[in-house]
Amino acid sequence: QPLVQRRGRRGGRVGVASALMERTDAQELEYDLRLVQDSPSSVLEHLKARRASDDVLDTVKTIGSLNERRRQLIQERDAALNTRKTLSAEIGQLMRKGESEGVDGLKELVESANQNAANAEQQLAEVMAECSSLFAALPNLLDSRVPDGDNEEANQEILTWGDEFKKTGENMKWHDELALNIGGYCPEAAIRTSGARMSVLRGPLAKLERAISAFMIDMHVEKHGYTEHSVPYLVCRSVLEGTGQLPKFEDGLFQTNHDIMNEDSFLIPTAEVPLTGMYRDQILEESELPISLVAHTPCFRSESDSGGRDTKGLLRQHQFHKVELVRICATGESNDLHEQMTKHSENVLQALKLPYRKIRLCSGDIGFSARHCYDLEVWMPGQDQYREIASISNCGDFQARRMALRYRPEEDKSAGVEKGGKKKSKKKAKTVFCHTMNGSGVAVGRALVAILENYQNEDGSISIPEALLPYMNGMSKIESLSEDDLKSCLK
């Protein structure tokens with residue numbers, strides 16, 4: 001795809017996305033601690049492309065220094081163990097000869113060597129723990145297709161869809177005003193129970209939200225082949241570390257006072273976490289892959305860094321609903337399955353006749369765990385701009401390495417016979433890390449906002465998209481209420 005000009009999410013014409021920064025393709029690298037230690041320049045290429053902070057870049061140097069210390073400690077430990085071995089042999093020889101003189105002194109030296117080896121081993125464990133902790137804070141490497149750029153203005157527009165359904169004009173209202181006028185949005189009620197940036201929906205609008213999620217789940221299960229799951233909303237720290245939300249994004253999570261398996265716990269920021277985390281520490285057979293999972297859950301995020309109009313209405317909430325897609329596959333399949341998964345999310349928007357565009361995120365805008373990522377941005381006529389409604393990421397083996405998720409490749413059935421007709425003994429194939437993908441299929445709250453704005457009528461009523469009619473018990477329109485009727489609603 002050529003790099004093209006597009007409008008930024010916040011409006012305004014932006015320039016052509018810059019060319020790809022020269023870097024080694026992530027698919028050619030085995031991204032583990034050893035790579036950082038032995039080939040730091042390969043990692044720094046990607047971190048610089050991501051516009052990583054100086055602290056993150058310094059992390060690579062720190063890991064390098066710790067690696068030198070690791071090597072030194074290994075030498076010290078091995079030297080002490082060799083000394084112990086040599087001295088123990090001397091003691092044995094003296095004892096066999098009946099020459100006890102000097103044995104006590106040698107035993108003291110053996111004990112000293114033991115202590116030196118133990119000290120080196122303890123320091124080595126501490127160094128390795130520090131290296132692992134630092135490595136956990138490093139983001140994923142980048143796919144070669146990711147364009148270079150500082151921020152969202154350098155993202156690459158791949159396609160637009162639905163221009164024939166696109167509404168524009170000064171009379172287009174924001175979703176919050178529309179939702180209030182149909183008596184379905186009760187912000188003050190939410191504030192009384194839960195504070196700001198929470199919402200209470202009522203009546204037909206609550207029904208419409210439920211219809212959207214049911215429609216999406218049915219589409220992904222019946223047409224796209226995903227298996228529906230109902231998952232916990234509470235997960236332990238190590239699961240979030242496996243998917244990459246921790247340690248970097250702890251400030252954006254809601255922590256609870258409930259321990260799980262002697263770990264602190266958090267409300268899920270997305271169903272990606274429990275869906276992917278279910279498979280941690282597992283070894284799958286290649287014949288089981290790919291695995292396709294879908295779940296509808298509430299998601300909980302503090303979103304403490306946002307402000308302005310985004311925090312009004314239903315756009316940026318502490319709690320929101322989302323239909324999440326997750327796939328687990330063999331190494332050679334993830335690129336194609338990522339494209340397919342993105343198309344599955346697009347199918348939802350097309351079925352709802354919501355105009356959108358597909359964006360490839362640049363190196364400075366892509367998420368922490370993603371190797372390659374598409375965003376789908378839906379048209380919001382009340383806001384006169386596109387807004388993100390889905391993000392679909394290929395993480396490669398980044399998450400699988402963190403959560404020890406492997407698969408065993410199928411044996412080569414053509415092998416097994418040597419020259420002369422002798423049968424070879426078959427060995428089990430060596431396990432390799434899976435690839436994981438995740439994506440919104442799509443955000444239910446954003447879809448509700450998009451329907452309110454795109455299906456608004458001049459009289460303030462909201463038409464129901466044709467695809468949702470079977471889920472609305474025949475209701476084809478939500479009427480706006482009179483002032484008297486609105487007064488009877490919760491405010």
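The values are calculated or read from the model by the stated rules, or taken from the named source; none is laboratory data. Bear in mind the structure is a predicted one, so any value in this text is a computation, not a measurement. Using ideal geometry, Cβ is built from the backbone for each residue, glycine included, and neighbour counts are taken over all protein chains shown. These accessible areas exclude ligands, DNA and RNA; they are computed on the full protein's heavy atoms, side chains included. Shrake-Rupley method; radii C 1.70, N 1.55, O 1.52, S 1.80 Å.
One table, with the values for the structure above:
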item	result
Evaluation of GLU228 against (1) open to solvent by less than 60 Å² (accessible area, probe 1.4 Å); (2) closer than 27 Å to GLU288 by Cα; (3) in contact (Cβ under 8 Å) with a residue 24 or more places away in the chain (one fails), failing number	(1)
Residues satisfying the stated conditions in region 321-360, i.e. surrounded by fewer than 22 Cβ atoms within 10 Å (Cβ to Cβ), in a helix (DSSP H, G or I) and of a type in the set (A, V, I, L, M)	LEU337, ALA351
Cβ pairs under 6 Å, 6+ apart, first in region 457-481 and free of Cβ contacts under 8 Å to residues at least 40 places away in the same chain, second open to solvent by less than 60 Å² (accessible area, probe 1.4 Å) and not hydroxyl-bearing (Ser, Thr, Tyr)	SER476/ILE464
Test result for ARG402, basic (Lys, Arg), assigned to a helix (DSSP H, G or I) and in contact with a Ser or Thr (Cβ under 9 Å, 6 or more places away or on another chain)	yes
Residues of region 361-393 classified as open to solvent by less than 10 Å² (accessible area, probe 1.4 Å), of a type in the set (Gly, Ala, Ser) and in a loop (DSSP other than H, G, I, E, B), total	2
Long-range neighbours under 7 Å by Cβ, at least six apart or interchain, first residue among the aromatic types (Phe, Trp, Tyr) within region 30-47, second in a helix (DSSP H, G or I) and modelled with pLDDT of 95 or more	TYR31/PHE398
Verdict on ASP55 being closer than 24 Å to SER369 by Cα, of a type outside the set (Val, Ile, Thr), open to solvent by 80 Å² or more (accessible area, probe 1.4 Å) and part of a helix (DSSP H, G or I)	yes
Count - residues of region 343-361 that are touching a Phe, Trp or Tyr at 6+ places or on another chain (Cβ under 6 Å) and free of Cβ contacts under 8 Å to residues at least 40 places away in the same chain	0
Neighbours by Cβ (under 7 Å, 6+ apart or cross-chain): first from region 362-373, under 19 Å from GLU28 (Cβ atoms); second at pLDDT below 95 and open to solvent by 10 Å² or more (accessible area, probe 1.4 Å)	SER363/MET21
Filter pass, GLY64 being out of contact with any Lys or Arg (no Cβ under 8 Å at 6 or more places or on another chain) and closer than 30 Å to GLY149 by Cα	yes
Qualifying position, being more than 30 Å from GLU153 (Cβ to Cβ), surrounded by 14 or more Cβ atoms within 10 Å (Cβ to Cβ) and within 22 Å of the chain's Cα centre (by Cα), among VAL36, VAL43	VAL36
Selection count, region 50-82, where residues are at pLDDT below 95 and β-branched (Val, Ile, Thr)	0
Given (1) open to solvent by 20 Å² or more (accessible area, probe 1.4 Å); (2) small (Gly, Ala, Ser); (3) over 16 Å from LYS167 (Cβ atoms), index of the condition SER463 fails	(3)
Meets criteria (in contact with a helix residue (DSSP H, G or I) (Cβ under 7 Å, 6 or more places away or on another chain) and either modelled with pLDDT of 95 or more or under 16 Å from GLY244 (Cβ atoms) (or both)) for ILE366	no
Selected residue [over 19 Å from HIS318 (Cβ atoms), out of contact with any Pro (no Cβ under 8 Å at 6 or more places or on another chain) and of a type outside the set (Val, Ile, Thr)] from SER213, SER287	SER287
Number of positions in region 105-134 that are in contact with a helix residue (DSSP H, G or I) (Cβ under 8 Å, 6 or more places away or on another chain) and open to solvent by less than 50 Å² (accessible area, probe 1.4 Å)	10
